[in-house]
Amino acid sequence: MPRWIGVDGWEVEPIVLNGRQLLRVRHLGYHIAYCRSVGKVARHVDLADLVEVVQLPTQ
């Protein structure tokens, strides 16, 4: 599952809550918001600071 991290402990990840697809925003592990769009995520964190976390296959 994709997720994005940013500077100063910001994290964004897609989730399904009550049958709805949302983006969960956390800061330093604390819940900040559930967002329905990327535009709403941008209210909390600078999107340019986010990088996707890629899991590499293990051998």
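The values are calculated or read from the model by the stated rules, or taken from the named source; none is laboratory data. In this text, all values refer to a predicted model and were calculated from it rather than measured experimentally. Heads up, the Cβs are rebuilt from the backbone with ideal geometry, glycines too, and the neighbour counts pull from every protein chain shown.
If you take just the strands (runs of 3 or more DSSP E) that sit entirely in the chain, which of them hold at least 2 residues that are touching a Pro at 6+ places or on another chain (Cβ under 8 Å)?
Values: elements: 10-17, 20-27, 30-35.
Of the strands (runs of 3 or more DSSP E) lying wholly inside the chain, those with at least 2 residues that are touching a Pro at 6+ places or on another chain (Cβ under 8 Å) span 10-17, 20-27.
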Query - Of all residues making up the stretch 1-36, the number that are in contact (Cβ under 8 Å) with a residue 12 or more places away in the chain, surrounded by fewer than 10 Cβ atoms within 10 Å (Cβ to Cβ) and more than 19 Å from Val54 (Cβ to Cβ) - result: 5
Query - Of all residues making up the stretch 26-40, the number that are within 13 Å of Ile5 (Cβ to Cβ) and in contact with a helix residue (DSSP H, G or I) (Cβ under 6 Å, 6 or more places away or on another chain) - result: 2
Query raised in the report: Which one is nearest to the chain's Cα centre (by Cα) among residues in the stretch 41-59 that are over 11 Å from Gly6 (Cα atoms) and without any contact (Cβ under 8 Å) to a residue 12 or more places away in the chain?
Result: Ala42
Query raised in the report: Which residues, taken from the stretch 10-28, are in contact with a Gly (Cβ under 9 Å, 6 or more places away or on another chain) and either at pLDDT below 95 or charged (D, E, K, R) (or both)?
Result: Glu11, Arg26
